[in-house]
Amino acid sequence: MITKSDDKTVVATYLSHEINEDSHLLDLFKHIGDVSSARLAIDHKTGLGAGFGFVTFGTKEDAQKAITTMDVNWVTTHTHTPQLA
């Protein structure tokens, strides 16, 4: 699921644990538009990705495009269904 947390930032949830670095999250979204930052939440006990992260785009249009583009997009073993927060 991808939800919008502000005008330029989306929250990507249900990410595979194989996505375990900020750069992996960036790679998922950089084809959509200008990404200002990509921060993956890390489980401090395991050191693995916690299954969600935040992607901030340069414009709110790119953020909206991410929500619609990733509507049903397979990322390793998970699908994403976007919803506005």
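Taking other residues whose beta carbon is less than 11 angstrom from the beta carbon of residue 61, and scoring Lys, Arg as +1 and Asp, Glu as -1, yields 0. Once the Cβ-Cβ distance between residue 42 and residue 7 is put in as r, and R0 is 22 Å, what FRET efficiency do you end up with, to the nearest 0.05? Taking R0 as 22 Å, the efficiency between residue 42 and residue 7 is 0.30.
Counting only residues at least eight positions apart within a chain, or on another chain, the aspartates and glutamates with an alpha carbon under 14 Å from that of residue 60 are 6, 7, 34. Could you list the residues of the range 10-33 with an amide nitrogen less than 13 Å from a label point located 7 Å from the Cα of residue 61 in the Cα-to-C-beta direction? Counting only backbone N, you get 33.
No lab work stands behind these numbers, since they all come straight from the coordinates. Only a predicted model underlies this, so the values are computations on that prediction, with no experimental measurement involved. Cβ: placed from backbone, ideal geometry, glycine included. Neighbour counts: every protein chain shown.
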